[in-house]
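Read the figures in this text as sums done on the coordinates, not as results from a lab. Because the structure is predicted, anything quoted here is derived from the model rather than measured. Glycine gets a Cβ as well: all are built from the backbone with ideal geometry, and neighbour counts include every protein chain shown.
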């Protein structure tokens with residue numbers, strides 16, 4: 001696993017500016033390959049509310065505390081996953097996650113729908129890897145949403161990995177993926193909406 005010092009060096013930040021460091025993404029839900037980037041989120045004292053730095057195999061998001069909290073209030077799934085990450089590298093500022101069902105329902109439903117649409121668009125445009133990742137995320141995030149609504153946390157980070165294994169097993173068209181996973185998608189979204197019923 002990468003070190004705090006390595007992350008800070010890649011970020012270009014002075015160590016005293018860095019408050020919290022989280023790893024999120026594929027390394028957390030155990031689908032990372034040797035070629036996968038490290039997705040990092042840093043909360044830091046900086047003049048810029050949000051910056052993204054891509055260097056080597058690091059994709060680093062640097063946020064002020066206020067920007068991170070604003071995203072958390074909007075139930076940004078990335079921020080939630082960071083806060084619950086099994087790989088919290090540094091946490092000078094303790095932040096509590098408060099689940100409010102209406103906000104969670106809106107956010108998860110929105111991103112799952114958008115990711116499914118993005119999958120179709122990317123696959124039809126020939127951007128295959130982004131397309132299959134988007135379809136995977138649309139299902140994975142629904143599963144995480146169910147856990148968040150039920151338990152207030154993500155208990156099983158690997159719950160959707162069987163989906164990624166199926167997707168990786170061959171080359172698909174969107175129509176094939178739609179036919180294969182639509183029933184599962186509908187089942188997940190129905191369960192999520194039932195748990196978060198208004």
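Here are some notes:
- Two-decimal log10 I(q)/I(0) for the range 4-91, as the Debye equation yields it once each C-alpha is a single scatterer, q = 0.21 Å⁻¹: -1.01
- Here the contact order of the chain, divided by its residue count and restricted to Cα pairs under 8 Å and six or more residues apart, works out to 18 percent.
- For the range 101-195, the average shadow cast by the Cα convex hull is 5.6 nm², which is a quarter of the hull's surface.
- Convex hull of the chain built on C-alpha atoms - directionally averaged projected area, nm²: 11.3 nm²
- A simple packing score, the average count of other Cβ atoms within 10 Å per residue, orders the peptides 17-27, 177-187 as 17-27, 177-187, with the highest score first.
- With each label modelled as a point 7 angstrom along the Cα→C-beta vector, the residue 178-residue 166 pair spans 1.7 nm.
- Our summary gives the range 101-195 a relative contact order of 31 percent, counting only alpha carbon pairs under 8 angstrom and 6 or more residues apart.
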